[in-house]
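Notes follow once the structure below has been shown.
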Amino acid sequence: MTHLRHSQKSASQEPAVLLVPGLDGSGPDHWQSAWERELPDARKVDLGMWDNPHRNTWVNKLNLAVHRAGKPVVLVAHSLGCLVTAWWAKFEQPGWSEPVVGALLVAPPEVDFFPRDERVSRFAPTPADALPFPSILVGSRNDPWINFDAARMLARRWGSAFVDAGDAGHINAESGHHRWLNGRALLDRLIGGGLDTASRSAAAPGTLPIHSDWAEGLEYRS
């Protein structure tokens, strides 16, 4: 797996960060909203119909945002936004030369079997194809929207490095994640090329290796 910077048009060109919210959007106290305020080239994708999601409409709006960016893009998806990202990749079948150069996928929900909210079942079945770009999937041990083992398995199916966030709830404002600086460290690592082939080969499949230069206090467990 190559570094993200090597897949960009220019070594000095930082990618745009497209924030992909989930069901009901991300409110002002959500870490996605904080990142939009704090990061120089980050913005939320307006998928619309936040309380009444439609899979193909959301995928089409994400596709439009990706191609309107006019530069390499990193997707940062939360909850149902992770399924939008996976479906976008399945429908569009982008290659390594395409705009999306990486994805941070946070707390995807269970949509296939006994989903917590029937509205997310509209995104079933969960795409099983490996994503065609480097990705990190962050799972919580007490996420009410998905079983932890199911989240780990999803990371393996999508070919994502897996990060165990511990007991972090749904990793949203309600669980106390307002700026989520540990997540920012993951984003920086992803953009900086932290998923190179050598480091991944030393880890168990689907699990991020431990690096001493990751954010202090962030745990990675196999």
I'd like to compare 57-63, 85-91: which one has the highest average count of other Cβ atoms within 10 Å, and what's the full order after that?
85-91, 57-63
What distance in nm lies between label points placed 7 Å from Cα along the C-beta direction at Ser121 and Trp50?
2.5 nm
Whole number please: convex hull volume per residue, Cα atoms of segment 41-145, in Å³.
103 Å³
Carbon + sulfur, % of accessible area of segment 110-150 - ligands and nucleic acids excluded, 1.4 Å
52 percent
Using a cut-off of under 15 Å, list every residue of segment 93-131 whose amide N is near the label point 7 Å from the Cα of Asn63 along the Cα-to-beta-carbon line.
93-95, 99-100
Virtual paramagnetic centre 7 Å along Cα→Cβ of Asp24, amide N under 15 Å, in segment 59-88
79-81
Given segment 89-135, report the % of alpha carbon pairs whose separation exceeds 12 Å.
68 percent
Where does segment 129-200 land on Rg(C-alpha)/(2.2 N^0.38 Å)?
1.14
With all protein chains present, how much of the accessible area of segment 47-104 (probe radius 1.4 Å) comes from carbon and sulfur, to the nearest whole percent?
45 percent
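The values are calculated or read from the model by the stated rules, or taken from the named source; none is laboratory data. Owing to the predicted nature of the structure, the values given are computational and were not obtained by experimental measurement. Neighbour counts run over all protein chains shown; Cβ positions are idealised from the backbone, glycine included. All accessible areas refer to the heavy atoms of the entire protein, side chains included, with ligands and DNA or RNA removed. Shrake-Rupley method; radii C 1.70, N 1.55, O 1.52, S 1.80 Å.
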